[in-house]
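Everything below concerns the one structure shown next.
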Amino acid sequence: QVQLVESGGGLVQAGGSLRLSCVASGFIFMNYPFGWFRQAPGKEREFVAAISFAGLTKNYADSVKGRFTISKDNAKNTVYLQMNNLKPEDTAIYFCAAGSRQQKLPIRTYSWWGQGTQVTVSF
């Protein structure tokens with residue numbers, strides 16, 4: 001069955017870096033675009049970044065542009081989110097998403113979601 005498993009979260013000081021990973025299984029990885037979302041306590045889930053199925057197009061939320069980078073490794077069935085210059089407002093649970101067959105970004109609907117990984121940024 002389809003599985004998306006995130007890892008790499010943790011506690012980091014403001015200005016620090018983390019790299020999140022999302023290992024996918026149960027479908028043909030290279031055929032699908034992926035997205036990262038996050039949800040902070042008391043807030044709705046929000047879009048962070050997306051990458052097209054071929055990895056040639058990437059979109060980012062304005063709040064993370066220039067600090068976060070999404071990438072896709074078809075050989076490892078893994079999507080990454082490199083997060084630099086982290087800020088306390090980046091504190092949230094981060095989710096990996098897939099399941100759309102759209103050729104182009106932005107992706108309207110993702111069918112598959114991981115369980116999330118907690119990122120906490122201290123002052």
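Among the candidates TYR32, TYR94, single out the residue that is closer than 17 Å to THR120 by Cα, crowded, with 21+ Cβ neighbours inside 10 Å and of a type in the set (Ser, Thr, Tyr).
None of the other options fit; the residue is TYR94.
Would you check which residues across the range 62-89 are open to solvent by 50 Å² or more (accessible area, probe 1.4 Å), in contact with a strand residue (DSSP E or B) (Cβ under 9 Å, 6 or more places away or on another chain) and of a type in the set (Asp, Glu) and list them?
Listed by number, the list holds a single entry, GLU89.
How many residues are surrounded by 12 or more Cβ atoms within 10 Å (Cβ to Cβ) and outside any strand (DSSP E or B) when one looks only at the range 1-16?
First pass over the range 1-16, keeping only residues surrounded by 12 or more Cβ atoms within 10 Å (Cβ to Cβ): 2-12, 14, 16.
Cutting the leftovers down to outside any strand (DSSP E or B) gives us 2, 8-9, 14, 16.
Counting residues in the range 1-16 that are surrounded by 12 or more Cβ atoms within 10 Å (Cβ to Cβ) and outside any strand (DSSP E or B) gives 5.
So GLN82 clears everything in (1) part of a strand (DSSP E or B); (2) within 10 Å of GLY35 (Cα to Cα) except one condition, right? Which one?
Checking GLN82 against (1) part of a strand (DSSP E or B); (2) within 10 Å of GLY35 (Cα to Cα), the one that fails is (2).
Just a yes or no: is a residue in the range 109-116 exposed (fewer than 15 other Cβ atoms within 10 Å of the Cβ) and touching a residue at least 60 places away in the same chain (Cβ under 8 Å)?
Taking every residue of the range 109-116 in turn, at least one turns out to be exposed (fewer than 15 other Cβ atoms within 10 Å of the Cβ) and touching a residue at least 60 places away in the same chain (Cβ under 8 Å).
Out of the residues in the range 45-61 that are open to solvent by 60 Å² or more (accessible area, probe 1.4 Å) and part of a strand (DSSP E or B), which is farthest from PHE95 (Cα to Cα)?
Among them, the one singled out is LYS58.
Here are SER21, SER100: which of them is polar (S, T, N, Q), out of contact with any Gly (no Cβ under 8 Å at 6 or more places or on another chain), surrounded by 16 or more Cβ atoms within 10 Å (Cβ to Cβ) and under 18 Å from TRP112 (Cα atoms)?
SER100 is the lone residue from the list that is polar (S, T, N, Q), out of contact with any Gly (no Cβ under 8 Å at 6 or more places or on another chain), surrounded by 16 or more Cβ atoms within 10 Å (Cβ to Cβ) and under 18 Å from TRP112 (Cα atoms).
The values are calculated or read from the model by the stated rules, or taken from the named source; none is laboratory data. Here the structure is a predicted model, which means the values were calculated and not measured. Note that each Cβ is placed from the backbone with ideal geometry, even for glycine, and that neighbours are counted across all protein chains shown. The area values use the complete protein model at the heavy-atom level, side chains included, leaving out ligands, DNA and RNA. Shrake-Rupley method; radii C 1.70, N 1.55, O 1.52, S 1.80 Å.
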